[in-house]
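The values are calculated or read from the model by the stated rules, or taken from the named source; none is laboratory data. Predicted model only: the values in this text are computed from it and were never measured. Positions of Cβ are generated from backbone atoms using ideal geometry, with glycine treated the same way; all protein chains shown enter the neighbour counts. Accessible surface areas use protein heavy atoms only, side chains included; no ligands, DNA or RNA. Shrake-Rupley method; radii C 1.70, N 1.55, O 1.52, S 1.80 Å.
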Amino acid sequence: MAPKSGVKKVCGVGINDSKEITIIIHNKKVVWKCPYYVKWVSMLHRCYKNTYKNPTYSGCTVCEEWIYFSNFKSWMEQQDWEGKDLDKDLLVYQNKVYSPETCCFVNKEINNFITLHSNKRGDFPLGVYYNSNKNKIVSQCANGDGVSEYLGYYETPEQAHKAWQKAKIERGEILKLKQTNSLISQGLTRVINKLKYDLENNLETTDL
């Protein structure tokens with residue numbers, strides 16, 4: 001269904017076709033925002049606004065169905081979303097499209113697990129950085145809180161990266177045991193299998 005001409009689009013793309021109140025303003029201050037609307041707008045911003053600030057979202061799009069707020073809201077109402085983040089990366093490898101088939105809501109622990117931290121490592125592989133004070137190569141892996149945990153010193157970046165891969169697999173298996181949502185478990189299995197494949201074939205893991 002094509003939007004009416006003259007309708008103001010959110011982020012130049014989204015259509016708020018809902019008749020429900022999405023924002024309440026009192027004394028010129030926003031006192032309430034519809035949580036479904038907040039998630040929808042945030043998704044549109046990631047794909048269509050300021051992607052130069054976060055190149056991770058470069059090339060990402062929102063499916064035609066979710067261009068309309070009412071459709072996104074209907075889907076979100078059926079999800080376990082409270083206190084969780086909308087994720088497009090867990091279920092499908094190298095996914096670039098936000099859609100009902102490719103997205104799910106994940107808690108902070110899972111979000112931290114699938115987020116690859118590249119700060120401090122420079123040109124080294126994931127989970128590896130050079131400690132100039134000790135003149136040694138260090139391996140580290142983020143725990144469930146997103147805090148990097150020390151795994152040890154290694155002779156080569158390759159050895160340090162393998163230690164990171166092994167630690168990442170172990171953390172993934174522990175996370176999987178906690179899940180009650182089969183869809184999340186399937187997503188974690190995909191990520192774990194990707195890490196195992198890289199490790200067993202002496203490949204550097206560059207993404208999940």
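Tell me whether region 154-165 contains one or more residues that are within 28 Å of Y48 (Cβ to Cβ), of a type in the set (S, T, N, Q) and exposed (fewer than 14 other Cβ atoms within 10 Å of the Cβ). Step through it out loud before you land on a result.
Initially, region 154-165 is screened for residues within 28 Å of Y48 (Cβ to Cβ), giving none.
No, region 154-165 has no match at all.
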Since N133 meets every condition but one in (1) free of Cβ contacts under 8 Å to residues at least 12 places away in the same chain; (2) among the polar types (S, T, N, Q); (3) buried (at least 20 other Cβ atoms within 10 Å of the Cβ), which condition does it not meet?
(3)
Could you please let me know if V106 is touching a residue at least 40 places away in the same chain (Cβ under 8 Å) and either farther than 30 Å from Y36 by Cβ or among the aliphatic types (A, V, I, L, M) (or both)?
yes
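Select, from S74, S18, the only residue that is touching a Ser or Thr at 6+ places or on another chain (Cβ under 7 Å), over 20 Å from K168 (Cα atoms) and either in a helix (DSSP H, G or I) or of a type in the set (G, A, S) (or both). Full working, then the answer.
Working: S74 fails: touching a Ser or Thr at 6+ places or on another chain (Cβ under 7 Å).
Unique residue meeting the criteria: S18.
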Out of (1) open to solvent by 50 Å² or more (accessible area, probe 1.4 Å); (2) assigned to a strand (DSSP E or B), what's the single condition that is false for L86?
(1)
Report every pair of residues separated by at least 6 positions or lying on different chains whose Cβ atoms are under 6 Å apart, first residue within region 38-51 and over 12 Å from L86 (Cβ atoms) and acidic (D, E), second open to solvent by 50 Å² or more (accessible area, probe 1.4 Å) and part of a helix (DSSP H, G or I).
none
Look at Y93 and say whether it is open to solvent by 40 Å² or more (accessible area, probe 1.4 Å), aromatic (F, W, Y) and touching a residue at least 24 places away in the same chain (Cβ under 8 Å).
yes
Spot the failing condition for A163; the list is (1) in contact (Cβ under 8 Å) with a residue 12 or more places away in the chain; (2) under 27 Å from C103 (Cα atoms), and only one is missed.
(2)
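Against the definition (closer than 22 Å to T115 by Cβ, open to solvent by less than 50 Å² (accessible area, probe 1.4 Å) and in contact (Cβ under 8 Å) with a residue 24 or more places away in the chain), how does S99 come out, yes or no?
On the way: closer than 22 Å to T115 by Cβ: yes; open to solvent by less than 50 Å² (accessible area, probe 1.4 Å): yes; in contact (Cβ under 8 Å) with a residue 24 or more places away in the chain: yes.
It is true that S99 is closer than 22 Å to T115 by Cβ, open to solvent by less than 50 Å² (accessible area, probe 1.4 Å) and in contact (Cβ under 8 Å) with a residue 24 or more places away in the chain.
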Which of the residues belonging to region 48-71 are modelled with pLDDT of 95 or more, outside any loop (DSSP other than H, G, I, E, B) and open to solvent by less than 70 Å² (accessible area, probe 1.4 Å)?
T61, V62, W66, I67, Y68, F69, S70, N71
Look at V31 and say whether it is of a type in the set (V, I, T) and surrounded by 11 or more Cβ atoms within 10 Å (Cβ to Cβ).
no
